[in-house]
Amino acid sequence: LEPDLQIKGKSVLANLASHINTLKRGVKLSQQEQIKSERLKTELITNVSHDLRTPLTSIITYTELLKNNELSAEDRAAYVQIIDRKSKRLKVLIDDLFEVSKMASGNMELNKEKVDLVQLLKQALAEYDEQISQSKLNFRVSYPDKPVYALVDGQKIWRVFDNLISNILKYSLEETRVYISIESKWDQIK
């Protein structure tokens, strides 16, 4: 992909050179997008590997601790609870990974139904009410007084709301404002 061909005049060759230059730019752009996509895939794999390793390491560690015959019944029960909790977390992460894989391959089936997004948002916020009130974030939530219906997969949209709120609580800087709003205009929901 050397420098663009020079275009002189309006001959057939000049027109052809112009088309070749356009094709070269398209190929360059496509290659850049592919490189970016590969980099994002690598980052995703790294992040997912880390997320999977964390509960797995806990499961292995507490399983090793359970092998100690001198362990009290109380400690043993506590370790079993931790293993149970971490294994359930690992299952959720693996299920999420399969779901992302299905979405990427286009094999995801959506169960669309009429869902009130305002009610769904209220429920998602209620799930995190305690963490929100304990956080040092200033939530500014606005939505219409009436329902806002959309034809969507309710479980998938719930997961979107849940993940967004969870990430807001984990990664937002303290003492910052968090704006969450739903509005409906001209048959569009924002």
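The values are calculated or read from the model by the stated rules, or taken from the named source; none is laboratory data. Please read these numbers as outputs of a predicted model, since none were measured by experiment. Cβ coordinates were reconstructed from backbone atoms using ideal geometry, including for glycine residues, and neighbour counts include every protein chain displayed. The area values use the complete protein model at the heavy-atom level, side chains included, leaving out ligands, DNA and RNA. Shrake-Rupley method; radii C 1.70, N 1.55, O 1.52, S 1.80 Å.
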task = Could you pull out the pairs from 36/88; 41/185; 88/156 whose alpha carbons sit more than 24 Å apart here?
result = 36/88; 41/185
task = Rank these residues by their accessible area, most exposed first, probe 1.4 Å: 103, 108.
result = 103, 108
message = Report for the range 103-189 the percent antiparallel among DSSP-assigned beta bridges with both residues inside it, nearest 5.
response = 60 percent
Accessible area, probe 1.4 Å, largest first, for residues 12, 115, 141 = 12, 141, 115
Distance histogram for the range 49-190 (every C-alpha pair counted, 5 angstrom bins, percent rounded to whole numbers) = 2, 8, 13, 14, 14, 15, 13, 9, 6, 4, 2, 1, 0, 0
task = Consider just the alpha-carbon atoms of the range 129-169 and return their Rg together with their Dmax, both in angstrom.
result = 12.6, 35
task = Would you rank 125, 13 by solvent-accessible area, highest first, keeping every protein chain in place and using a 1.4 Å probe?
result = 13, 125
message = Let me check against my output: what whole-number percent is the relative contact order of the range 32-185, with C-alpha pairs under 8 Å and at least 6 apart?
response = 22 percent
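Taking only protein heavy atoms into account and a 1.4 Å probe, give the accessible area per residue of the range 1-159 in Å². Intermediate results must be reported in sequence, preceding the final value.
On the way: 12370 Å² over 159 residues.
On a per-residue basis, the range 1-159 sits at 78 Å².
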Residue among 79, 171, 62 with the largest mean-square fluctuation in a Gaussian network model of the chain, springs linking Cα atoms under 10 Å = 171
ask   = In whole Å, how far is the Cα centre of the range 142-156 from that of the range 21-92?
value = 32 Å
note = Expressed as a percent, the accessible surface of the chain that is carbon or sulfur, using a 1.4 Å probe and the full set of protein chains, is 54 percent
message = Explain nothing, just compute: Karplus ³J(HN,Hα) = 6.51 cos²θ - 1.76 cosθ + 1.60, θ = phi - 60°, for every residue of the range 66-72 in order, whole Hz, x for Gly and Pro.
response = 5, 6, 6, 5, 8, 6, 6
inquiry  = Quick one: 3J(HN,Hα) in Hz for the range 20-28, Karplus 6.51/-1.76/1.60 with θ = phi - 60°, rounded, Gly and Pro as x.
reply    = 5, 4, 4, 4, 4, 5, x, 5, 4
ask   = Quick one: what does P(r) look like for the range 16-85 with 5 Å bins over all Cα pairs, in whole %?
value = 3, 14, 12, 10, 8, 7, 7, 6, 6, 5, 5, 4, 4, 3, 2, 1, 0
inquiry  = Nearest 500 deg cm²/dmol is fine: what mean residue ellipticity at 222 nm does the chain get from its DSSP H runs of n ≥ 4 alone, each adding -39,500 (n - 2.57), divided by its residue count?
reply    = -23000 deg cm²/dmol
key: DSSP-defined beta bridges in the chain - what % are antiparallel, rounded to 5   = 60 percent
message = Please compute the modelled spin-label separation between residue 17 and residue 39, points set 7 Å along Cα→Cβ, answer in nm with one decimal.
response = 3.4 nm
